[in-house]
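Worksheet: one structure, shown below.
The values are calculated or read from the model by the stated rules, or taken from the named source; none is laboratory data. Quick caveat, the model's predicted, so the values are computed rather than measured. Cβ placement follows ideal geometry from the backbone for every residue including glycine, while neighbour counts extend to all protein chains displayed. Side chains are part of the model used for accessible areas, which takes the heavy atoms of the whole protein and leaves out ligands, DNA and RNA. Shrake-Rupley method; radii C 1.70, N 1.55, O 1.52, S 1.80 Å.
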Amino acid sequence: MAETISSFWGPVTSTIECCEDNYAYSSYIAEFYNTISNIPTILLALIGLINAFRQRFEKRFSVLHVSNMTLAFGSMLYHSTLQHVQQQSDETPMLWEILLYVYILYSPDWHYRSTMPIFLFLYGAGFAVVHSYVRFGIGFQVHYAILCLLCIPRMYKYYIYTADVCAKRIAKLYVATLLLGSLFWFGDRVFCKEISQWQVNPQGHALWHLFMGLNSYFANTFLMFCRAEQREWSPKIVRLFGVLPYVKIKKPKQK
């Protein structure tokens, strides 16, 4: 997209640009809406992190919420600068986050408990090193999509084995936000030329950020509920201020 204000960060060096005018509002922020649209993700992840700490969920969920925040901060850096180094701060945490989801989904039934976290850690670290030297482009998106597809069978298994109506509703919200977000992402990528001629840009990539922030929160909440059921912590879904769902548990008293 054309620049309308001089750039503080210099020429664009990232391999991907979204359908938003660069530096339209500030010389310090390349893509304004794509930058600020990450804020809800940070706030939702913070709420999830506080809940995980307060109720003493397993550390994996605290790390998962922190990874959501890390990804959102990395995305803000990338979209505000459109520099290749900052693009890595967006893409590398994306991979780390999906590896965490793979671990949380598959670890309960994994017979060799120590091998999975070691393998996933080495996988993520190795990717970060290689990605610091190599520009993957479309290869990264294909790689990420494959890892996401690995999560679907397990999420579906958790869904069909969950009897709680409220938990199932959260799983449906997870699917709905994923589909809606993907629709806006696709439109922003494919129809940018046509959208650029409209009087109002719907900011499809920014809407992708908003829906994916909700998507991550719903995914985390559903997985926390399922894990609490596995641990027999009597989980139930309650709502913060009557709106935002979260998991409340009651751990059995230790004898």
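Here are the numbers:
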| item | result |
| --- | --- |
| Aspartates and glutamates whose Cα lies under 17 Å from that of Lys250, excluding same-chain neighbours fewer than 8 positions away | Glu58, Asp164, Glu229, Glu232 |
| Residue-averaged [θ]222 nm for the chain, counting only DSSP H segments that reach four residues, each worth -39500 (n - 2.57) | -22000 deg cm²/dmol |
| Equivalent ellipsoid, the range 45-181 (semi-axes from 5 times Cα gyration tensor eigenvalues, Å) | 26, 18, 16 |
| Accessible surface of the range 7-90 [probe 1.4 Å, protein heavy atoms]: carbon and sulfur percent | 70 |
| Over 24 Å between alpha carbons, listed pairs Lys168/Lys251; Lys168/Lys253; Lys172/Lys253 | Lys168/Lys253; Lys172/Lys253 |
| Cysteines in the chain lacking a second Cys C-beta under 4.7 Å | Cys18, Cys148, Cys151, Cys166, Cys226 |
| Environment charge at Leu71 (Cβ cut-off 11 Å; Lys +1, Arg +1, Asp -1, Glu -1) | -3 |
| The range 45-144: chymotrypsin sites (Phe, Trp or Tyr not before Pro) falling in loop per DSSP and having at most 14 other Cβ within 10 Å | Trp110, Tyr112, Tyr133 |
| Protein accessible area in the range 144-255, 1.4 Å probe - carbon and sulfur % | 65 |
| Extreme residue, positive dipole direction of the chain, given options Tyr23, Leu49, Trp96 (C-beta unit charges) | Leu49 |
| Per residue solvent-accessible surface (Å²) - the chain, probe of 1.4 Å | 56 |
| 10 Å-binned pair-distance histogram of the range 1-111 (Cα, whole percent) | 15, 37, 26, 16, 6, 1 |
| The range 164-255: relative contact order as a whole-number percent, Cα under 8 Å and 6+ apart | 27 |
